[in-house]
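In what follows, a single structure is set out as structure tokens and then discussed.
Coordinate-derived values only; no laboratory data. Quantities reported herein were computed from a predicted structural model and do not represent experimental measurements. In this analysis, Cβ positions are derived from the backbone assuming ideal geometry, glycine residues included, and neighbour counts consider all displayed protein chains.
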Amino acid sequence: MLTFSVSAILGKQQGTVQRFDFDEAVIWDGKDDPSLAENISGSIQLLKLPHEINVQISHLHTAVNDDCSRCLKPITCPINIDFAEREFIIDLPERDLEAGEEVKRVDLSANKIDLNDMIREEILLHYPFIPVCSQSCKGLCSKCGINLNEKTCNCIHEGMLRISPFKIPKA
Ligand SMILES: [Zn+2]
Ligand SMILES: [Zn+2]
């Protein structure tokens, strides 16, 4: 999954380009991996450089499973990524790399590139900051825990006191 053959351009001269679309059901089961609710789809362009393959992904779309941060209801959040780019090294010697530099490499034993890490990184970068079921979600009452989208309660909240008309000082 998300592993693509580079046989068609690996031996070609620099500047050779290959483009294709993909649409895959992906399951990541690591503890910190996003839980995907839809296939990952998008377009890929591979560009052959002297020592690397430049990978550009565009129009990536998927959706992730999460919980509304206000009412805790399970929701799916769409993720759209216009553009992302990485270099995958073909044969650059280790000594040309800076110490500690993290590099992605073409798998030369299988003539493949593995885009799982790249796409996982991009999805986490584009992850909704505060996922909500709706921008108008009222959330749960902090005192009695009732879902305020469905019911109202008689709890008194400090936030409510502050806007109470009885508390507004006279001008
Ligand atoms: Zn909600
Ligand atoms: Zn309440």
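Report relative contact order for region 1-137 in percent, whole number only (criteria: Cα-Cα under 8 Å, sequence separation at least 6).
Taking the mean separation of contacting Cα pairs over the length of region 1-137, I get 25 percent.
Among Lys151, Lys31, rank each residue by its count of other Cβ atoms within 10 Å, from fewest to most, as a rough exposure measure.
Lys31, Lys151
Is it possible to state the helix-based mean residue ellipticity at 222 nm for the chain, with each DSSP H run of 4+ residues giving -39500 (n - 2.57), the sum divided by total residues, to the nearest 500 deg cm²/dmol? What is it?
-2500 deg cm²/dmol
Can you compute the radius of gyration and Dmax for the chain, using only the Cα atoms, both in Å?
Over the chain's Cα set, Rg and Dmax evaluate to 24.2, 81 Å.
Points 7 angstrom from Cα along the Cβ direction at Lys143 and Ser43: gap in nanometres?
Label at Lys143, label at Ser43, 5.6 nm between them.
Give, as ranges by residue number, the residues of region 44-59 whose backbone N falls under 17 Å from the point 7 Å along Cα→Cβ of Asp23.
Answer for this model: 44, 58-59.
If the reach is capped at under 13 angstrom between alpha carbons, list the aspartates and glutamates near Lys143, excluding any in the same chain fewer than eight residues apart.
Straight-line reach from Lys143, under 13 Å: Glu158.
Too long at a 22 Å Cα-Cα cut-off: which of Lys31/Lys112; Lys73/Lys138; Lys48/Lys104?
Lys31/Lys112
What net charge is computed for the residues neighbouring Ser134, neighbours being all others with C-beta under 10 Å from the C-beta of Ser134, Lys and Arg scored +1, Asp and Glu -1?
With Lys, Arg at +1 and Asp, Glu at -1, the net is +3.
Rounded to the nearest 20 debye, what is the charge dipole size of the chain about its Cα centre when +1 sits on each Lys and Arg Cβ and -1 on each Asp and Glu Cβ?
1300 debye
To the nearest 0.05, how large is the calculated FRET efficiency for Phe129 and Phe83 if R₀ is 22 Å and r is the Cβ-Cβ distance?
0.65
With unit charges on the beta carbon (Lys/Arg positive, Asp/Glu negative), name the residue among Asn149, Gly11, Phe88 whose Cα is farthest towards the positive pole of the charge dipole of the chain.
Of Asn149, Gly11, Phe88, it is Asn149.
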